[in-house]
Amino acid sequence: MLCTLTYSVKELVPFINWLYFFYAWQIPRQLTRCIVNQESQGGETDGKLLAQLSEGRRIYEDAMRFIGEFDKRYTVSCRIGLFEAQSEEDDIFIYNNGKTICLPCLRQQHVVSAGTPNLCLSDYIAPIDSGMKDRIGAFAATVTAEMEQTGADDPYLHLIAQTVCDRLAEAATEKAHLKVRKEIWGYAPDEQLTTEELFQEKFRGIRPAVGYPSLPDQSVNFILDELIDMASLGIAITENGAMSPHASVSGFMFAHPQAKYFSVGKIGEDQLEDYSQRRGLPLDRMKQYLSANI
């Protein structure tokens, strides 16, 4: 099953996590609520913090102006795929129109804590020997390419546009994932969470993104493209697996009730070689994709 969800910019505003927007601008996280809700900082007398609050408010006002302009001209889209799947050891097998597509995964090799298992995303999919067919979601979200070029002749305004675009792509993913849980996949039809609870990831399941700690191999975007046709959203993939527009996010959705985010961390040469074979890519290329993990 494939579908494309298209959103106006303004309907995504409630799903923007401003904490990460201001992080990109080095504004302290404790000021986010004051800025977004236009609250005072009470009896705060720290000169540096007050200056950052003033700067944050200026940045936020400029960001909202961009959002208003974007809403008049552009949309943001998210492509969703839902497929049957099974796992075998550290591989996930995804069944798509008569084809079996293998998604090799990486497993933690460092000791997290005593008695804690080393996790792998394949742990959250029913194994083949169970005789059960499970499901997995695939997604990609992106802005309209021209949005990222706004203010290109002014470094400050260009950075505002870029950081707003990043947040809009993430917001589209948040909103789409909500619809997946409640309707498309429908494994949590009665979910009732506040926006704050969504940002705290209190929902069932996870949506690890490509390039993030539990799915660090950027070349996985080629597998995703085969599943959901990212070009249909206007996303191009470079030979290194990066996406264009830059304000794009992609990954997989898991519904297992015990699924949680984790970091693969450092892996040994043994797993690197094994993963390279399972991915069907040369070891030297794999070292480039996983340089932060070896």
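Which length gain, in nm to one decimal place, applies between LYS48 and LYS182 when the Cα-Cα distance is subtracted from 0.36 nm times their residue separation?
Stretched out fully, the LYS48 to LYS182 stretch lengthens by 43.8 nm.
Report the local net charge at PRO189: Lys and Arg +1, Asp and Glu -1, summed over other residues whose C-beta lies under 9 Å from its C-beta.
Summing Lys/Arg as +1 and Asp/Glu as -1 gives -1.
Using Cα atoms only, what is the angle between the long axis of helix 269-279 and the major principal axis of the chain, expressed in degrees (0 to 90) to the nearest 10?
In the chain, helix 269-279 runs at an angle near 90 degrees to the longest axis.
Just need log10 I(q)/I(0) for the chain at q = 0.09, 0.14 Å⁻¹, Debye formula, equal scatterers on the alpha-carbon atoms, no solvent, rounded to two decimals.
Taking Cα atoms of the chain as identical point scatterers yields -0.49, -1.11.
What shape does the range 1-95 take by its C-alpha gyration tensor, where a ≥ b ≥ c are the square roots of the eigenvalues and a/c under 1.5 counts as rounded, a/b above b/c as prolate, and the rest as oblate?
Oblate, since a/c reaches 1.5 and b/c is not below a/b.
With a 10 Å radius around each residue's Cβ, average the other Cβ atoms per peptide and rank 246-257, 132-143, highest first.
132-143, 246-257
Restricting to Cα pairs below 8 Å that are 6+ residues apart, what does the relative contact order work out to for the range 2-293? Please round to a whole percent.
Answer for the range 2-293 is 21 percent.
Starting from the Cα of THR6, step 7 Å along the direction of its Cβ; do the same at TYR156; then give the gap between the two resulting points in nm.
3.5 nm
Which of the pairs LYS133/LYS179; LYS48/LYS260; LYS99/LYS266 have their Cα atoms more than 30 Å apart in this structure?
Going by Cα-Cα distance, LYS48/LYS260; LYS99/LYS266 fall outside the 30 Å limit.
Between 0 and 90 degrees, rounded to the nearest ten: what's the tilt of helix 155-179 against the longest Cα principal axis of the chain?
That helix lies at roughly 50 degrees to the long axis.
Let me know the shape class of the range 191-294, please: from the alpha-carbon gyration tensor, a ≥ b ≥ c as square roots of the eigenvalues, rounded when a/c is under 1.5, otherwise prolate if a/b is greater than b/c, or oblate.
The shape class here is oblate.
Rounded, prolate or oblate, given the Cα gyration tensor of the range 135-192, with a/c below 1.5 counting as rounded?
prolate
Coordinate-derived values only; no laboratory data. Note that the structure is predicted; figures quoted are calculated from it, not measured. Neighbour counts are summed over all protein chains in view; Cβ atoms, including those assigned to glycine, are modelled from backbone coordinates with ideal geometry.
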